[in-house]
1. When the Karplus curve 6.51 cos²θ - 1.76 cosθ + 1.60 is applied with θ = phi - 60°, which whole-Hz ³J(HN,Hα) does each residue of the stretch 140-147 get, with x for Gly and Pro?
2. Out of residues 5 or more away from Ala26 or on other chains, whose amide H comes under 5 Å of its own, with H placed 1.01 Å from N in the peptide plane?
3. Kindly express, to the nearest 10 degrees and within the range 0 to 90, the angle between helix 35-44's C-alpha long axis and the longest C-alpha principal axis of the chain.
4. 5 Å is the cut-off here: which amide hydrogens, built 1.01 Å from N in the peptide plane, fall below it relative to Val124, excluding neighbours closer than 5 in sequence?
5. In Å², what does the accessible area per residue of the stretch 38-171 work out to with a 1.4 Å probe?
6. Would you be so kind as to identify which of Val103, Cys54, Leu78 lies farthest towards the positive end of the dipole of the stretch 45-132, taking Lys and Arg as +1 and Asp and Glu as -1 on Cβ and the Cα centre as origin?
7. In debye, nearest 20, what is the charge dipole magnitude of the stretch 51-178 about its Cα centre with +1 on Lys and Arg Cβ and -1 on Asp and Glu Cβ, if you could check?
8. Find the centroid of the Cα atoms in the stretch 188-208 and in the stretch 1-58, then give the distance between the two in whole Å.
Amino acid sequence: MFLQQIPTGGDRNLAYLVADPTTRRAAVIDPSYAPERIADIADDAGLSVAYAFCTHDHHDHTNGNEAFARRTGVRPLLFGDIDPGTKLRVEDAATFSLGRLAVRILHTPGHTPDSICLHVGDAVFTGDTLFVGKVGGTDSTAAARAEYDALHRVLLSLPDDTRVFPGHDVGVAPASTIGRERRTNPFLLRPDFDRFVDLKRHWAAYKKEHGIT
Ligand SMILES: [Fe+2]
């Protein structure tokens, strides 16, 4: 499949363009700071944007939505939105066809209640739920509990060779795999929720101790 990771600015935000090379139908994820540039990249690659999605409703992921819709006619969809073309709602397990490929929505609340990950072929786009070697920030114990459940129940149920593409390049690399995160991500290695939350609380000290920047 066609897949391009596009650094857009902000806090090392990453957008994505993914497409079925046969039908040339594409989906865009988190166009945020670079809607025009991403539309240009799609045009240059001969791709037709069928859908756009935002992984959650934080400004650094949604600020390009108006410009993207003006330019392409495709309005980025968030969790709960209904796609005007297919009438499909963006909800857990919803599947948006790109020809031979499909975008499958995984509802992964925690960082925000509306956080989604998008599973396309052998790739998963994890927004601010999972970074390389880190996980998304949470603002309450209940949110951390939801995130812990989403990480283990949803993301870690994917095959180890699934490629992981996060919403920010804030980890040790801009991309990873589920297997690599399962084996090395210190948050995913915590044996239970209490120790997961404990690492969130003491992340600054842990990073210093382990030389993580
Ligand atoms: Fe966020």
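The values are calculated or read from the model by the stated rules, or taken from the named source; none is laboratory data. Note that the coordinates shown come from a computational prediction; the quantities given were computed from them, not determined experimentally. FYI the Cβ positions are ideal-geometry reconstructions off the backbone, even for glycines, and counts take in every protein chain you see. Accessible surface is based on the protein model in full, side chains and every heavy atom, while ligands, DNA and RNA are left aside. Shrake-Rupley method; radii C 1.70, N 1.55, O 1.52, S 1.80 Å.
1. With coefficients 6.51, -1.76 and 1.60, one gets 7, 5, 5, 5, 5, 4, 4, 5 Hz.
2. Ser48, Val49, Ala50, Tyr51
3. 60
4. Arg163, Val164, Phe165
5. Working: 5340 Å² over 134 residues.
With all protein chains present, the stretch 38-171 gives 40 Å² per residue.
6. Farthest towards the positive end: Val103.
7. 380
8. Here the two parts' Cα centres lie 33 Å apart.
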